[in-house]
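Comments concern the structure below.
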Amino acid sequence: MDDWSWQKAQLSEQICSVGEWWTRPSVLYRPRVFLDGKAWCCLYGENIQEGVVAFGDTPEEAVSNFDFYAWRGKPTPEPVRP
């Protein structure tokens, strides 16, 4: 593979990676992230009982759990009105 082909492959991979990030539920729906007791909570909705929620030891873990576990298999909730 020549240098130009390698650079094109690298650029294509980076574009796909950025595209995947921008389509994550936490980016699209902007859930609230807050400390709830000793755990971080990532919540989209009015409350924990009715919304989509995930927890983690860090904000990053809560958001990751929201994207990859809590959001999957759930119907898309109505948009939260500010």
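The table below gives the values:
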{"quantity": "Rough spin-label spacing in nm, given labels placed 7 Å along Cα→Cβ, for PHE68 and PHE34", "calculated": "2.7 nm"}
{"quantity": "Inter-site label distance for TRP4 and ARG24 at 7 Å from Cα along Cβ, in nm", "calculated": "3.6 nm"}
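Rule-based calculations on the coordinates, nothing more; no lab input. Being a predicted model, the structure only gives us computed values, none of them experimental. Quick reminder, even Gly has a Cβ in these numbers, built from the backbone with ideal geometry, and neighbours come from all protein chains shown.
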